[in-house]
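Contents: one structure, followed by commentary.
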Amino acid sequence: MTDEAHNGGWWRNQWGWPWSADRWIAIVGVIAGVLVGWYFYQRSLRAPLLTYMVNPATTTINRQDFEQDFGFTYQGKPLAADRVTAVQVAIWNSGTDSIRAENVLSPVTLKMTGGERIISAKVRKVSRGVCLFDKDDNPEQLERGVCPVKWKILEPNDGAIIQLIYLGDSIHVPTIEGTIEGQSRIRIVPSEKNGLKWSETVPIIVVSIVPFLVALKIGAKFRKRKPIQGLIFTVGYSISTGVAIVLLLWLHHTPTIPFGW
């Protein structure tokens, strides 16, 4: 083995190491191009995405807060319960394709996790009247804590706000069940999460910035020998890092209700 091969000369000759700034910029450009292309490809796909969220602001009335001689009544009938809770939930299409009635493969239902009796279910808001969004007032199902919902069509950003009043406390909140054609499962947005928290955003930014700082160090060495190429390398990597951060934040973005509570 020659001294040149022993010292890594063969590797340098084959791969042109250390790489010049223009080669680094090309590599970074390719990676950034792949990320941006993948992003716009995903955005171009037409797919439904039925989304569900529970309003964290619930209202609970406790019987023990009053004299024991007091109680709850509904439509003139006494209710055997120590707590009554009112909660609002949102159902909407956050996808890019419409969801028609015939796309619902199994009924979409609101269901109390503990089987609490629902005494009232009302549609408080609908994004558009043409959606014909409604709920089923079947007494037997409400007694079991189940409230089916239906609609004619939900185009992107269409949906409704439903208010449920049930016997029980806010620990047990309604969940959603059902199957939509072209969607593996209904997307459930956590109640307390309406966008990224700082505890989630900071690690994403840090992970993206660390390679950027390394690149600045490399760029500084380039600028000593080749100022123009070093500057191009630094600028190019800066742009690609910014694109990467934006993409990461977007991918972790939590959708908000387009028509509000």
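Residue-wise test of (1) in a loop (DSSP other than H, G, I, E, B); (2) outside the structural domain of Gln163 (by TED's automatic domain parsing); (3) at pLDDT 90 or above.
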| position | (1), (2), (3) |
| --- | --- |
| Glu4 | no, yes, no |
| Asn13 | no, yes, no |
| Thr60 | no, no, no |
| Asp69 | yes, no, no |
| Thr73 | no, no, no |
| Val87 | no, no, yes |
| Ala90 | no, no, yes |
| Pro107 | no, no, yes |
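Are any residues in the range 105-120 within 26 Å of the chain's Cα centre (by Cα) and hydroxyl-bearing (Ser, Thr, Tyr), and if so, which ones?
So the first thing to find is which residues in the range 105-120 are within 26 Å of the chain's Cα centre (by Cα), and the list is 105-114.
Within the range 105-120, Ser106, Thr109, Thr113 qualify.
When the range 88-129 is examined, which residues are found to be hydroxyl-bearing (Ser, Thr, Tyr) and within 23 Å of Pro255 (Cα to Cα)?
We begin by selecting, within the range 88-129, every residue hydroxyl-bearing (Ser, Thr, Tyr); these are 94, 96, 98, 106, 109, 113, 120, 127.
The answer is Ser94, Thr96, Ser98, Thr109, Ser127.
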Residues of the range 95-114 classified as touching a strand residue (DSSP E or B) at 6+ places or on another chain (Cβ under 7 Å), farther than 12 Å from Gly178 by Cα and crowded, with 19+ Cβ neighbours inside 10 Å, total: 2
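Could you tell me whether the range 134-148 includes any residue that is assigned by TED's automatic domain parsing to the domain that holds Pro174, under 27 Å from Asp169 (Cβ atoms) and of a type in the set (Val, Ile, Thr)?
Filtering the range 134-148 for residues assigned by TED's automatic domain parsing to the domain that holds Pro174 gives 134-148.
Imposing the further condition that a residue be under 27 Å from Asp169 (Cβ atoms) reduces the set to 135-148.
Checking which are of a type in the set (Val, Ile, Thr) leaves us with 146.
Checked the range 134-148: at least one residue is assigned by TED's automatic domain parsing to the domain that holds Pro174, under 27 Å from Asp169 (Cβ atoms) and of a type in the set (Val, Ile, Thr).
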Filtered residues of the range 121-135 (kept if buried (at least 18 other Cβ atoms within 10 Å of the Cβ), out of contact with any Ser or Thr (no Cβ under 9 Å at 6 or more places or on another chain) and assigned to a loop (DSSP other than H, G, I, E, B)): Ser127
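To keep it simple, each residue is scored yes or no on (1) in a strand (DSSP E or B); (2) basic (Lys, Arg); (3) touching an Asp or Glu at 6+ places or on another chain (Cβ under 7 Å); (4) buried (at least 16 other Cβ atoms within 10 Å of the Cβ).
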| residue | (1), (2), (3), (4) |
| --- | --- |
| Glu116 | no, no, no, yes |
| Ile119 | yes, no, no, yes |
| Asp137 | no, no, no, no |
| Ala160 | yes, no, no, yes |
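Considering Val173, Val189, Val206, which residue is over 17 Å from Lys111 (Cα atoms) and either modelled with pLDDT of 65 or more or not assigned by TED's automatic domain parsing to the domain that holds Lys122 (or both)?
On the way: Val173 fails: over 17 Å from Lys111 (Cα atoms); Val189 fails: over 17 Å from Lys111 (Cα atoms).
Going through Val173, Val189, Val206 in turn, the sole match is Val206.
The values are calculated or read from the model by the stated rules, or taken from the named source; none is laboratory data. The structure presented is a predicted model; accordingly, all values stated were derived computationally and were not measured. Glycine gets a Cβ as well: all are built from the backbone with ideal geometry, and neighbour counts include every protein chain shown.
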